[in-house]
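J.: Pasting a structure below so you can have a look.
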Amino acid sequence: MTADRAQEGNVAAGRRTELDWLRIGAFGLLILYHIGMFYVPWEWEVKSPRLLPWLQIPMDWSSPWRLLLLFVISGAATRFMSVRMDPRQLWRSRSAYLLPPLLFAVVVLTPPQMYLRVIEQFAYHGDFGHFLLRYFRFDGSFCRPDDCVTMPNWNHLWFVAYLWIYTGLLLVLLAFGPKLLGSLRTLGGRWLAGWRLLAVPALVLSLVRIGLEHFFPETHDLFHDWYLHAIYLLAFLFGFLFIFSEEIWRDFVRLRWIALPTALVAYAAHTTYVLHYQGLPSIPLDVKVPLAFVYGLQQWSWIVVAFGFARRHLAGRDGPARRYLTEAIFPYYIVHQPAIIIVAYELVRLRLPLALEATILVVSTVAICALTFEAVRRVAFLRPWFGLKPIARRAASLPRDIPAHPLRP
């Protein structure tokens, strides 16, 4: 047995609960982040008339690395599943669990969000039925000088669409170029050993930002999102190639106390930069390039912190909460954004005290997600549309050491 296969066998011997907890935490942060989007000056579907500019500071903490972490974990999940499936089986499995939620979001969940968006941002006065006709006719007439609303739209489930595409690209390599992946794993194992696990990915992320971000800023438009494609595909490949390695895990643990102050300093520097230059029409190049390196260091340092502390403190930590949330968090993710937008839009009309309004918004969002999950998990034909395995196959289709959901490590 080769060293790689031996390590794969060790990984499959027990569940990586630290990856479960990281995935739960990252999606939880994403839900809170989207609640915050209602209150910050950044553009979003609907906005509170009482904006809180200071809220940008804590929100800027997780925005550089939160989705990056999820793509690393998703790559690791794909690796674990590939141990027992050939590329064709893995592709069918991924498609069966990623595409139904994506289709459900486009057809059912996104239209109410888009309807409220065009009411608020484009002063649309038509009823919802008339808007649906325009939505499914690919109407592109809701435009401003620098932006047009794309309809139909996958909205927040762009993550699922990108993950499905990256999985397809990876499986092509698995089918036709397995030696290339093996070479990348061997080369990466040398380049990522020790302190380089912190430095090299941070440098790569920085260089990609310098080369692409200015020309292709974040859009979540599949054909114009090359900066995000570059960093997220790299994160996905990193998870697939290296998260099974015990040497990588040991280095994560060793580096965690170095990465933590590094991440805090980079976060402070980047936040200072944002506050100082926000609102200016352009940023000097001699400032923008160094800050790209700060941003890349911030991105990857928090990833090292997350994996290092998770491995040290969450490995083997199991219980009812982990088991419930591991299954629930993807349906929560699917439902949370329309819940936030609809509830927030209605709360504005009540003119409640701001603290009370925000509390109701948080509690209502969690309650809607929880109630939806509890209802959907009990109805067999609804389960696939929310990323849950069919009840009849759930226990028998996968052994206990392999994740039941393609986003779940």
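Each value in this text was obtained by applying a stated rule to the coordinates, not by laboratory testing. This structure is a prediction, so every number in the text was calculated from the model and none was measured. Because the Cβ atoms are built from the backbone with ideal geometry, glycine has one as well, and the counts that use them run over all protein chains shown.
J.: Over the chain, what relative contact order in percent results from Cα pairs under 8 Å that are six or more residues apart?
T.: Values: 478 pairs, mean separation 123.2, N = 409.
Dividing the mean separation by the residue count of the chain yields 30 percent.
J.: Wrap a convex hull around the Cα atoms of segment 138-206, take a quarter of its surface area, and give that in square nanometres. Can you show the working numbers first?
T.: Details: hull surface 31.5 nm².
Averaging across all directions leaves 7.9 nm² for the Cα convex hull.
J.: Let me ask something else about it. Placing +1 at every Lys and Arg Cβ and -1 at every Asp and Glu Cβ, with all other atoms neutral, what dipole size does segment 103-210 have around its Cα centre, in debye to the nearest 20?
T.: On the way: 9 positive and 5 negative charges, 140 e Å.
Here the size comes out at about 680 debye.
J.: Starting from the Kirkwood Rh over alpha-carbon pairs, what translational D in µm² s⁻¹ does segment 155-248 have by Stokes-Einstein at 10 °C and 1.306 mPa s? Working shown, then result.
T.: Working: Rh = 14.6 Å.
Estimated diffusion coefficient is 109 µm²/s.
J.: Which is farthest toward the positive dipole end of the chain among 44, 338, 373, measuring Cα position about the Cα centre, with Cβ charges +1 (Lys, Arg) and -1 (Asp, Glu)?
T.: Of the listed residues, the answer is 373.
J.: From the residues 227, 253, 154, which one has its Cα farthest along the dipole of the chain in the positive direction, the dipole being from +1 and -1 charges on Cβ of Lys/Arg and Asp/Glu about the Cα centre?
T.: Most positive-ward Cα: 253.
J.: Starting from the Cα gyration tensor of segment 33-103, multiply each eigenvalue by 5, take the square root, and state the resulting semi-axes largest first in whole Å. Provide the component values of the computation, followed by the final result.
T.: Numbers: eigenvalues 276, 48, 7 Å².
Semi-axes, largest first: 37, 16, 6 Å.
J.: Could you calculate, for segment 90-213, the ratio of the Cα radius of gyration to the Kirkwood radius, expressed as Rg to Rh?
T.: Working: Rg = 21.0 Å, Rh = 18.3 Å.
For segment 90-213, the value is 1.15.
J.: Work out the length of the dipole vector of segment 179-236 about its Cα centre, built from +1 on the beta-carbon of each Lys and Arg and -1 on the beta-carbon of each Asp and Glu, and round it to the nearest 20 debye.
T.: On the way: 5 positive and 4 negative charges, 109 e Å.
With Lys and Arg at +1 and Asp and Glu at -1, about 520 debye.
J.: Shifting gears a bit: Give me the tail of P(r) for the chain as a percent: Cα-Cα pairs with distance above 37 Å.
T.: Values: 19452 of 83436 pairs.
Summing the P(r) tail past 37 Å for the chain gives 23 percent.
J.: Here is a follow-up. Put a dot 7 Å past each Cα toward the Cβ at residue 254 and residue 379; how far apart are the dots in nm?
T.: For the pair residue 379/residue 254, the computed spacing is 5.3 nm.
J.: Would you list, by chain and number, the aspartates and glutamates whose Cα falls below 17 Å from the Cα of residue 47, excluding same-chain residues fewer than 8 positions away?
T.: Straight-line reach from residue 47, under 17 Å: 120, 346, 357.
J.: Using Cα centres only, tell me the gap between segment 349-367 and segment 186-260 in whole Å.
T.: For segment 349-367 versus segment 186-260, the Cα centre distance is 38 Å.
J.: Just order 298-304, 173-179 by mean Cβ neighbour count inside 10 Å, highest at the front, would you?
T.: On the way: 298-304: 26.3, 173-179: 13.0.
Highest mean packing first, the order is 298-304, 173-179.
J.: If the cut-off is 20 Å between C-alpha atoms, which aspartates and glutamates fall inside it for residue 179, apart from same-chain ones fewer than 8 positions away?
T.: 4, 8, 86
J.: Sticking with this one: Could you size up the charge dipole of the chain around its Cα centre, putting +1 on the beta carbon of Lys and Arg and -1 on that of Asp and Glu, and report it in debye to the nearest 20? It would help to have the intermediate numbers written out before the result.
T.: On the way: 40 positive and 27 negative charges, 297 e Å.
That gives the chain a dipole magnitude of about 1420 debye.
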